[in-house]
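Colleague: The structure follows.
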Amino acid sequence: MTEFSPVPKPEKKVKPKKGLKRTPMKKGKPGASRFPKMRNPAYRAFIRAHDCAIMGRIVGARMSMRDLRCSGLFQHRCWGPTDPAHVGQHRANGAPDVGAIVPLCRAAHSFYDEHRAAWGKATGLSESKMANLAAGLALKYHEQGGK
């Protein structure tokens, strides 16, 4: 009979771990827009000059701490400055300003962005009504000489 002598196992080669290769961020000019042709500062100023689209409306959800409770519902009382809110496609996705934004106070804008699916039920303004409001404001802007 033959004897076996233990032979040490060869050591495994450990490959150094490589991190994920990331593509560098595209850097533009500071403060520059990725969609400059879609932005219209004059139209945004026109929208900011209007009151909130749901000011004083009876709504089904509290949007700001200033809202008044009325038998299970709330009367919306605006909080903060009026912000232009994009209807439908977001600005981050390249939505145009003219005909696609409505005036909402800061509280209503936050609620709209965070609870878009519940917006119609809470306020009574569906996406189509919001789009009609945005189109009406764009028409009014053009009638007043805006470009």
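The values are calculated or read from the model by the stated rules, or taken from the named source; none is laboratory data. Values in this document were obtained by computation on a predicted structure and should not be read as measured data. No Cβ is skipped: glycine too gets one built from the backbone with ideal geometry, and neighbour counts run over all protein chains shown.
Colleague: Consider Pro103 carefully, then state whether it is at pLDDT 90 or above, assigned to a strand (DSSP E or B) and within 12 Å of the chain's Cα centre (by Cα). Steps first, please.
Modeller: On the way: at pLDDT 90 or above: yes; assigned to a strand (DSSP E or B): yes; within 12 Å of the chain's Cα centre (by Cα): no.
It is false that Pro103 is at pLDDT 90 or above, assigned to a strand (DSSP E or B) and within 12 Å of the chain's Cα centre (by Cα).
Colleague: From the list Gly60, Gly56, Gly72, pick out the single residue that is modelled with pLDDT of 85 or more and over 18 Å from Asp113 (Cα atoms). Can you show your working first?
Modeller: Numbers: Gly60 fails: over 18 Å from Asp113 (Cα atoms); Gly72 fails: modelled with pLDDT of 85 or more.
One residue alone meets the criteria, Gly56.
Colleague: Which pairs have Cβ atoms under 8 Å, sit 6 or more apart or on different chains, and link a residue in region 58-77 that is within 13 Å of Cys105 (Cβ to Cβ) to one that is part of a strand (DSSP E or B) and of a type in the set (S, T, N, Q)?
Modeller: Matching pairs, first to second residue: Val59/Gln75; Asp67/Gln75.
Colleague: Using the structure shown, decide if Thr82 is among the hydroxyl-bearing types (Ser, Thr, Tyr), touching a Cys at 6+ places or on another chain (Cβ under 7 Å) and at pLDDT 85 or above.
Modeller: On the way: among the hydroxyl-bearing types (Ser, Thr, Tyr): yes; touching a Cys at 6+ places or on another chain (Cβ under 7 Å): yes; at pLDDT 85 or above: yes.
Spelling it out, Thr82 is indeed among the hydroxyl-bearing types (Ser, Thr, Tyr), touching a Cys at 6+ places or on another chain (Cβ under 7 Å) and at pLDDT 85 or above.
Colleague: Given (1) modelled with pLDDT of 90 or more; (2) touching a Cys at 6+ places or on another chain (Cβ under 6 Å), where does Lys129 come up short, assuming only one miss?
Modeller: Evaluating Lys129 over (1) modelled with pLDDT of 90 or more; (2) touching a Cys at 6+ places or on another chain (Cβ under 6 Å) leaves (2) as the failure.
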